[in-house]
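Novice: There's a structure below that I have some questions on.
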Amino acid sequence: MKTVNHWIGGKTVEGASGNYGPVTDPATGEVTTQVALASAEEVDAAVKVAQEAFLSWGQSSLAARTKVLFAYRALLDANRDAIAELIVAEHGKVHSDALGEVARGLEIVELACGITTQLKGELSTSVSNRVDVSAIRQPLGVVAGITPFNFPAMVPMWMFPLAIACGNTFILKPSEKDPSASVKLAELMTEAGLPAGVLNVVHGDKVAVDALLAHPGISAVSFVGSTPIARHIHTTASANGKRVQALGGAKNHMLVLPDADLDAAADAAVSAAYGSAGERCMAISAVVAVGSIADELVEKIRERAEKIKIGPGNDATSEMGPLITAAHRDKVASYVKGAADQGADVVLDGTGYTVDGYENGHWIGLSLLDNVKTDSDAYRDEIFGPVLCVLRAETYEEGVALINASPFGNGTAIFTRDGGAARRFQLEIQAGMVGVNVPIPVPVGYHSFGGWKDSLFGDHHIYGNDGIHFYTRGKVVTTRWPDPADAPAGVDLGFPRNH
């Protein structure tokens, strides 16, 4: 059986703990690979390698860093299909979706290639008599990233390219459910000329995560995952003196007003709810239909959802693949099975779905729940599967109040032809990312990604300007070079004067 080992110091390092986790092909249900799970001692060894590498990388020129990043960008582009194939094999998403994931990760690599302009700093001359003040940003040291299973290439690329461009060294702890893509990303970085020890991949479970959170040699931790784990990461790492950005879960709403183009809204709802089998933190999982349009909108969504072809990710005709594990599939199904008892109308029931020839895969069909109540489990919880809830509101104000009452505030969208309503919505809604006739408002790489409320713990969003600020710390330098003709200033115990 294939074994995925750690990548430390620019080379493969075999696991020493003796512990391994299974990696399953979700389309077949077969265990195809095992992944080494690091002990605390192995994490410590990786941190020491990264600390040693920081001594030179942190002092390297911007030209040297960007040279590596430009070469890396070219290698990623040339290896898109190979990375996508690894994602399909271990995550299960369809190949086109995996390619899209790689493309979105490339955006952040391209941002990192332009780091020279982002780290220019500031200078004010002659703030006082021959006194200049400059502001610069410097790297933190060794930083860590803990990433989820649903985007095994994109989310790591949201982190390490910027961190490395800013002069840090990086330890990536990817999901143990689909670890191979992260190792491929690291191998390509080494091929691009990155010095050994600057980017390291350590696989593991809670043992490795807890070791990273406690290690005094790590200055900052980035995390993307569920809200309970994000809260734990933020609390624990902060208590250990680390800077933290922890992105949590979501319950993203789409408000559809009576004047909206219902065909466009239905297309968007199906695409955003069921794409990547709903395993997206930016998936639309709740549609709020305003006024009399609800019945028509639900019917349009149902018609489209019934036509989606489900199958293995390596089949070019498949539009949606399986879920990551059988346990997760069963958990998602439980929300659908319990929906009717909690007052919902089950318009589509995707539980019990199988694919011929792949009966042991982690399959589930598309589910659509109408007249969902805000106190039901299907609405309150982040299901993270292909289940779309439809709620009804009489007015715009009622719909906004419903959305704002949610403890999550990741992303949201409004569908309308009314510019005034859209403008009100983007100002009144309590979420970090807003779409106007755009169902999944994921920002481009040079704007930052992040939510509000229980969807984000920490002060910084990820990538964009926030990401650069997160991976650097500011320093202000005040300089005075006396003119040779100046007389000695003498002692002055008063407050420094700027005039």
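The values are calculated or read from the model by the stated rules, or taken from the named source; none is laboratory data. Model, not experiment: these values are computed from the prediction. Glycine gets a Cβ as well: all are built from the backbone with ideal geometry, and neighbour counts include every protein chain shown. Just the protein is used for accessible areas: all its heavy atoms, side chains included, with ligands, DNA and RNA removed. Shrake-Rupley method; radii C 1.70, N 1.55, O 1.52, S 1.80 Å.
Novice: Take the range 223-263 and flag every residue that is assigned to a loop (DSSP other than H, G, I, E, B) and either at pLDDT below 95 or more than 30 Å from residue 295 (Cβ to Cβ) (or both).
Specialist: Residues satisfying the conditions are 225, 226, 240, 241, 242, 248, 249.
Novice: State all residues of the range 117-126 that are open to solvent by 90 Å² or more (accessible area, probe 1.4 Å) and not in a strand (DSSP E or B); if no residue qualifies, say none.
Specialist: 120, the sole residue that qualifies.
Novice: Does residue 239 count as over 21 Å from residue 162 (Cα atoms) and among the small types (Gly, Ala, Ser)?
Specialist: yes
Novice: Looking only at the range 42-68, how many residues end up being touching a residue at least 60 places away in the same chain (Cβ under 8 Å), surrounded by fewer than 17 Cβ atoms within 10 Å (Cβ to Cβ) and small (Gly, Ala, Ser)?
Specialist: Residues meeting the conditions: 2.
Novice: List the strands (runs of 3 or more DSSP E) that sit entirely inside the range 1-41 and contain at least 2 residues that are under 20 Å from residue 52 (Cβ atoms) and either of a type in the set (Val, Ile, Thr) or open to solvent by 60 Å² or more (accessible area, probe 1.4 Å) (or both).
Specialist: It comes to 11-13.
Results for (1) buried (at least 24 other Cβ atoms within 10 Å of the Cβ); (2) free of Cβ contacts under 8 Å to residues at least 12 places away in the same chain; (3) in contact with a Pro (Cβ under 6 Å, 6 or more places away or on another chain); (4) not hydroxyl-bearing (Ser, Thr, Tyr), shown as yes or no for each residue.
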site: 86; (1), (2), (3), (4): no, no, no, yes
site: 93; (1), (2), (3), (4): yes, no, no, yes
site: 104; (1), (2), (3), (4): no, no, no, yes
site: 107; (1), (2), (3), (4): no, no, no, yes
site: 112; (1), (2), (3), (4): yes, no, yes, yes
site: 115; (1), (2), (3), (4): no, no, no, yes
site: 128; (1), (2), (3), (4): no, no, no, no
site: 138; (1), (2), (3), (4): no, no, no, yes
site: 144; (1), (2), (3), (4): yes, no, no, yes
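Novice: A further question on this structure: From 488, 484, 443, 439, grab the single residue that is assigned to a loop (DSSP other than H, G, I, E, B), under 15 Å from residue 282 (Cα atoms) and free of Cβ contacts under 8 Å to residues at least 24 places away in the same chain.
Specialist: Step by step, each of 488, 484, 443, 439 is checked, and only 443 is assigned to a loop (DSSP other than H, G, I, E, B), under 15 Å from residue 282 (Cα atoms) and free of Cβ contacts under 8 Å to residues at least 24 places away in the same chain.
Novice: Another question, if that's okay. For residue 420, only one of the following conditions fails: (1) in contact with a strand residue (DSSP E or B) (Cβ under 9 Å, 6 or more places away or on another chain); (2) farther than 30 Å from residue 218 by Cα; (3) outside any strand (DSSP E or B); (4) free of Cβ contacts under 8 Å to residues at least 40 places away in the same chain. What is its number?
Specialist: (1)
Novice: Which ones in the range 181-222 are in a helix (DSSP H, G or I) and either open to solvent by 10 Å² or more (accessible area, probe 1.4 Å) or modelled with pLDDT under 95 (or both)?
Specialist: Residues satisfying the conditions are 183, 184, 187, 190, 191, 206, 207, 209, 210, 211, 214.
Novice: Out of the range 270-309, which residues are in contact with a Ser or Thr (Cβ under 7 Å, 6 or more places away or on another chain) and open to solvent by 10 Å² or more (accessible area, probe 1.4 Å)?
Specialist: 309
Condition check ((1) out of contact with any helix residue (DSSP H, G or I) (no Cβ under 8 Å at 6 or more places or on another chain); (2) assigned to a helix (DSSP H, G or I); (3) surrounded by fewer than 22 Cβ atoms within 10 Å (Cβ to Cβ)) across all residues:
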site: 339; (1), (2), (3): no, yes, no
site: 360; (1), (2), (3): yes, no, yes
site: 378; (1), (2), (3): no, yes, no
site: 389; (1), (2), (3): no, no, no
site: 402; (1), (2), (3): yes, yes, yes
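Novice: Within the range 151-174, work out how many residues are part of a loop (DSSP other than H, G, I, E, B) and either open to solvent by 10 Å² or more (accessible area, probe 1.4 Å) or among the acidic types (Asp, Glu) (or both).
Specialist: 1
Novice: Return the total of residues in the range 404-414 being open to solvent by less than 10 Å² (accessible area, probe 1.4 Å) and among the hydrophobic types (A, V, I, L, M, F, W, C).
Specialist: 2
Novice: When residue 450 is evaluated against the numbered criteria (1) open to solvent by 10 Å² or more (accessible area, probe 1.4 Å); (2) over 30 Å from residue 345 (Cβ atoms); (3) of a type outside the set (D, E, K, R), which criterion, by number, is the only one it fails?
Specialist: Tallying (1) open to solvent by 10 Å² or more (accessible area, probe 1.4 Å); (2) over 30 Å from residue 345 (Cβ atoms); (3) of a type outside the set (D, E, K, R), residue 450 fails exactly one: (1).
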